[in-house]
Amino acid sequence: MKTDVVIIGGGINGCSLAYQLSKKGIDVALFERKYICSGATGRCGAGIRQQWSTRENIILAKESVKIFSKLSRELKEDIGFRQGGYLVAIHDEKELKEAEERVKLQRSLGVDVKIIDKDEIKEIVPILDPDGMHAIGATFCPTDGHADPFKTTFAYARRAVENGAKIFTHREVSKIIVEKNKVKGVVADGERIDCNYVINSAGAWSRIVARMAGIDIPNRPLRKEAIVTEKMKRVFDAMVISFRDGIYFSQQSEGNILGGIPGPDEREGYLYQPTFSFLNHMARTLTRYAPVLKFVRVLRHWTGFYDVSPDARPIIGEDPNIKGFIHCHGFSGHGFMLSPMVTKIISDYISDGKDSDYLHSLSIERFKGKDISREVSVVG
Amino acid sequence: MRIEEHPILSFERGRKVHFYFNGKKLYGYENESIAAALVANGITQLSKSLKYNRPRGFFCGIGKCASCRMRVNGVPNVRICIENVREGLEVETQEPLAELPSREFDDKGIDTLECDVLVIGGGPAGLCASLEAAKSDADVIVVDENFKLGGQLLKQTHKFFGSKHEMAGKRGIDIAKELEKEIIENNRIRVFLKSSVFGYYESDHGHLFGMAQRLDDMSEKVYKVKCKSAVIASGASENFLVFPNNDLPGVYGAGGVQTLVNVYGVLPGKKVLMVGSGNVGLIVSYQLLQAGMEVKAVVEALPKIGGYFVHAAKLRRFGVPIYVSHTVKEVYGEDKVEGATIVEIDKNWREIPGTEKRIDCDVVCLAVGLSPSVRVVSLTGADIRYIPEAGGYVAIHDDCMETTKRGIFVAGDLSGIEEASIAMLEGKLAGLYSAKRAGKDVNEDKADEYRKRLEELRAGPFGERGRIAKEKIRRLWKECH
Ligand SMILES: Cc1cc2nc3c(=O)[nH]c(=O)nc-3n(C[C@H](O)[C@H](O)[C@H](O)COP(=O)(O)OP(=O)(O)OC[C@H]3O[C@@H](n4cnc5c(N)ncnc54)[C@H](O)[C@@H]3O)c2cc1C
Ligand SMILES: Cc1cc2nc3c(=O)[nH]c(=O)nc-3n(C[C@H](O)[C@H](O)[C@H](O)COP(=O)(O)OP(=O)(O)OC[C@H]3O[C@@H](n4cnc5c(N)ncnc54)[C@H](O)[C@@H]3O)c2cc1C
Ligand code: FES
């Protein structure tokens, strides 16, 4: 088989790339070793937030929100996009100062965000107990929100197939063929597929995929757990998060409350088994934030992986040494919300050779001996 | 309506108690489930569907379908078919998306329980596994979601076929009583009723499960259960069929109706259409006749009757027509079943126009097979495969009933749909080998005996499906190793 671009991984990023490239008339074949959404995408909170600490993330997220808000129309399917806002707890004076700085930066870049007090917290999410949260206030951005990760990814995949993309599920790429520092093809299930580009959008497995081309990337897979409760009447729209406690939770359109927090037994590695300590810690913290949830049952509890880069920022763009090898990973727990912009930048680069500042600032080369500026506004 | 006289059963209903339904005072009995007490009071619409707000009645009667959820003492989403009636209980219908709980309870903390063997499910398989493991000196905890032990045996009022070792000639309900008595008298076995095993977690050694016990005040107590090995015998849930109005109150699982009639002595209606002529369909039809209901017809999609000849003959003697090559076309009614249309089908399962018949009935029973309840076992990471002859997804296991996850055993309907005598024997095998995994000395000669009897039970023509299923499972097991 022969194609222009091979995409490895059927998550939000792989499927979005398949859609964008095929729309431009480029020949693509996507390989997913399990099923669409089986990686982090099908296990994530799918929250979409513009309240970041770096200029780069704020712009990427803001531009992504613009795309998300038109995506149902573009993909001709409802992707469940909803703007209920993000409420970010502020716990003390020091955090308040930092929040003021962030808000200033965010507002200067056109994000509608403000600092609110304890009473306003209760107005926006009536079930919250600001004292239990140890909160003195919060920041709130009403245009932050959420989309359904399954609906979004499958919509991309279906439209991509209509555009002529080939999507192979239950097929694993086991080898990448590189000759004279250039990508020549891949091997999937014993079959060789010739191509000019390989995109590594294999999420937490991206370091294994990069190794296939002889490239070492500094990413680590980190087990992350999440829960959903039984369905309840809708009582709030916002996503509630705290950088100090690491908790995030929101109520889905269907009524379930979904959330996560860093677990006490969080470890690196491909560990699928959930931990009891997470369940306990999550339940205790969640009910400290929202005491009325004490007697709501947990329905499901699962694990997924963050693909963590050293500075918690994504790694994108063509490899400096292997031509045709495209990085698209290292999302560190926020790859759903950034995917519209990131995949647009990558597909414009492949189709038209279009450059972008982000291809430099987010290049794999940034880890070579330079200072790393870390994104600090991370939860989960 | 409650049955006052029954040819073979006397109902131990216990003390009469009062409870409230949507503020109205009703009475029931302390050994009844809330669902049974409501149906006895003529209340058949229990919940509303999530999306379209359609009326729903109960379906399975054993905690598996969630169509009976109500608010009890301020706690939403209670499955009232496995919750017993108590004096003063406040039961309310809820909107599809329930309001948050309105009650406050004390923080009960989390306790840790330890045992050699944890048995999940207190049906015939689980009870036999518990006894067998305890006989090999294992400390056992057995857990069931229901408020009584026995699983599906509780409602089987007919005499069993099969080997005398598995108490053939006795009624299922009496077998359940004997097993329960033995369990209670055995001080190596601790029983947790109204308790659901909800999760499987990472642990350094042995196995760690999460369990929630429902307390009388409707709060729940959470336990961590540490064990050296576990037998999962969570049974099966009844299959559903697709036809217009299949969700109207009055369309029930045959097992659910059997529970209502045989365990609680409550009649869900007067006139029944039975769908499916396997043994379950035939036996339940006969039992409904015994209980004083009218069985209007049995329909069977295949060209011949599925169950034993003797059961079909009994029905014919009562003049019940059995229509083969027929299916339900639709059920009609406003907010409960008021009748059904059946239709003949050809070899390719296509309806033959002009063959429709209207059946005047207020209950439609679906006896169209069961699917193993694999959720708990799949959490452990055991290899699960789809095997049609086993009834659906099952955990691959060896002839000691151990899954691909070391120390995790399966038995009974969960390991492939068969019948109660087989469930008991598989339970014994799983009990024996789970004790061995827990480090106990066991007498493996007994295992050969159990395997021989299993082979005998599966030897007949009705054992064929089970035989094929187990052969496939064995083959897959070998591939896995
Ligand atoms: C619990 C949790 C909560 C999260 N919450 C949020 C959130 O609220 N907001 C947000 O923006 N992000 C969130 N994230 C992060 C987000 O889920 C990910 O960043 C994003 O889904 C990554 O998408 P992806 O397409 O890059 O990778 P994935 O979805 O992981 O897809 C990678 C795919 O590659 C496949 N694959 C791997 N190796 C091979 C191979 N050799 N051959 C073929 N296929 C292969 C895998 O099977 C997998 O399906 C969360 C993550 C987790 C785990
Ligand atoms: C309507 C009907 C009629 C039948 N008639 C006959 C017959 O005449 N002769 C015959 O031999 N066989 C008959 N069978 C089959 C027989 O009843 C089953 O094969 C047998 O009961 C299976 O036993 P089991 O122990 O595997 O499961 P079950 O009897 O189904 O018991 C499973 C138990 O596990 C509990 N459980 C499930 N999940 C959990 C959890 N997570 N935590 C705690 N507890 C849990 C359930 O509450 C249940 O009590 C009939 C079955 C049905 C449905
Ligand atoms: S769960 Fe109660 S009827 Fe099925």
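Partner aspartates and glutamates whose Cα lies under 14 Å from the Cα of A:Lys233, excluding those fewer than 8 positions away in the same chain, are identified as A:Glu254, B:Glu95, B:Glu99. Does a label point 7 Å from the Cα of B:Asp174, set along Cα-to-beta-carbon, have any residues of region B:424-464 with amide nitrogen under 20 Å, and which are they? Those under the cut-off are B:424-425. For B:Arg54, the residues whose amide H sits under 5 Å from its own are B:Ser49, ignoring neighbours fewer than 5 places away on the same chain, with H placed 1.01 Å from N. Taking the helices alone, chain B has a mean residue ellipticity at 222 nm of -7500 deg cm²/dmol, built from -39,500 (n - 2.57) per DSSP H run of at least 4 residues and averaged over all its residues.
Within a 10 angstrom radius of each residue's Cβ in A:288-295, how many Cβ atoms of other chains show up on average? Whole number is fine. List each step's numbers first, then the result.
On the way: counts 0, 0, 1, 1, 4, 2, 7, 12.
Per residue, the average neighbour count from other chains is 3.
As a calculated quantity, the FRET efficiency between A:Glu254 and B:Val242 at R0 = 25 Å, using C-beta atoms, amounts to about 0.65. Taking a ≥ b ≥ c as the square roots of the eigenvalues of the alpha-carbon gyration tensor, region B:251-370 is classed oblate because a/c is 1.5 or more while a/b is no larger than b/c. In a DSSP loop and with at most 14 other Cβ atoms within 10 Å, the chymotrypsin sites (Phe, Trp or Tyr not before Pro) in region A:15-80 are A:Tyr35. Loop-located chymotrypsin sites (Phe, Trp or Tyr not before Pro) in region B:7-79 (DSSP state not H, G, I, E or B) with no more than 15 neighbouring Cβ atoms inside 10 Å: B:Tyr52. Around A:Phe278, under 14 Å between beta carbons, what's the net of Lys plus Arg minus Asp minus Glu among the other residues? Spelling it out: positives minus negatives among the neighbours equals +2. Excluding same-chain neighbours fewer than eight residues apart, the lysines reachable from B:Lys329 by a Cα-Cα span under 28 Å are B:Lys48, B:Lys51, B:Lys64, B:Lys270, B:Lys271, B:Lys296, B:Lys304, B:Lys314, B:Lys347, B:Lys357. Close amide H contacts of A:Glu172 (hydrogens built in the peptide plane, cut-off under 5 Å, sequence separation of 5 or more or a different chain): A:Asp189. What average count of beta carbons from other chains do you get within 10 Å of the Cβ of residues in B:98-110? Across the residues of B:98-110, the mean count of other-chain Cβ atoms within 10 Å is 3.
Given the -39500 (n - 2.57) contribution per DSSP H run of 4+ residues, what per-residue ellipticity at 222 nm results for chain A, rounded to the nearest 500 deg cm²/dmol?
Taking each H run of at least 4 residues, the total per residue is -9500 deg cm²/dmol.
Full extension of the chain segment joining A:Asp216 with A:Asn321 gains 36.7 nm, where the gain is 0.36 nm per residue of separation less the Cα-Cα distance.
Looking at region B:274-375, the chymotrypsin sites (Phe, Trp or Tyr not before Pro) that sit in a DSSP loop and have at most 12 other Cβ atoms within 10 Å of their own Cβ are B:Phe318, B:Trp349.
For region A:40-54, putting each phi into the Karplus relation 6.51 cos²θ - 1.76 cosθ + 1.60 with θ = phi - 60° gives couplings of 4, 4, x, 10, 9, x, 6, x, 10, 10, 9, 7, 10, 9, 10 Hz, in residue order, rounded to whole numbers and with x for Gly and Pro.
Beyond 19 Å in Cα-Cα separation lie the following of the pairs B:Lys148/B:Lys228; B:Lys148/B:Lys436; B:Lys405/B:Lys478: B:Lys148/B:Lys228; B:Lys148/B:Lys436.
Exposure check, 1.4 Å probe, all protein chains in place: B:Ile184 carries approximately 120 Å² of accessible surface.
Distances between placed amide hydrogens fall under 5 Å for B:Gly333 paired with B:Glu338, all partners being 5 or more residues away or on another chain. Over the protein assembly as shown, all Cα pairs binned in 20 Å intervals from 0 give whole-percent P(r) values of 14, 40, 35, 11, 0, listed from short to long.
Listed peptides A:76-88, B:74-86, A:102-114 appear in the order B:74-86, A:76-88, A:102-114 once ranked by packing, highest mean of other Cβ atoms within 10 Å at the front.
According to the square roots a ≥ b ≥ c of the eigenvalues of the Cα gyration tensor, what is the shape class of chain B, taking rounded for a/c under 1.5, prolate for a/b larger than b/c otherwise, and oblate for the remainder? Since a/c reaches 1.5 but b/c is at least a/b, the shape of chain B is classed as oblate. For region B:257-262, the Karplus equation 6.51 cos²θ - 1.76 cosθ + 1.60, evaluated at θ = phi - 60°, returns couplings of 5, 4, 4, 4, 7, 8 Hz by residue, with Gly and Pro reported as x. Candidate cross-link partners of A:Lys182 among the lysines, defined by an alpha-carbon separation under 18 Å and a same-chain spacing of 8 or more, comprise A:Lys2, A:Lys323. On the beta carbon distance between B:Asn186 and B:Tyr386, with R0 = 45 Å, the FRET formula returns roughly 0.75.
Phi angles across region A:125-135 convert, under the Karplus curve 6.51 cos²θ - 1.76 cosθ + 1.60 with θ = phi - 60°, into 3J(HN,Hα) values of 10, x, 7, 7, 10, x, 5, x, 6, 6, 9 Hz, Gly and Pro given as x. Rounded to the nearest Å, what's the spacing between the alpha carbon centres of region B:87-157 and region B:302-365? Just the number, please. Between the Cα centres of region B:87-157 and region B:302-365 lies a distance of 37 Å.
With contacts taken as Cα pairs under 8 Å and at least 6 residues apart, chain B reaches a relative contact order of 16 percent. Distance between the pseudo-spin-label points of B:His6 and B:Ser203 (7 Å out from Cα toward the beta carbon): 3.9 nm.
Taking a Cβ cut-off of under 11 Å around A:Trp302, the surrounding Lys, Arg, Asp and Glu residues balance to a net charge of +3, with basic ones at +1 and acidic ones at -1.
The modelled label-to-label distance for the pair B:Glu30/A:Lys114, using points 7 Å beyond Cα in the direction of Cβ, is 6.1 nm.
The values are calculated or read from the model by the stated rules, or taken from the named source; none is laboratory data. The shown structure was predicted, so the numbers you read here are calculated from the model rather than taken from an experiment. Note that each Cβ is placed from the backbone with ideal geometry, even for glycine, and that neighbours are counted across all protein chains shown. Ligands, DNA and RNA are stripped out before the accessible areas are found, and what is left, the full protein with its side chains, is counted by its heavy atoms. Shrake-Rupley method; radii C 1.70, N 1.55, O 1.52, S 1.80 Å.
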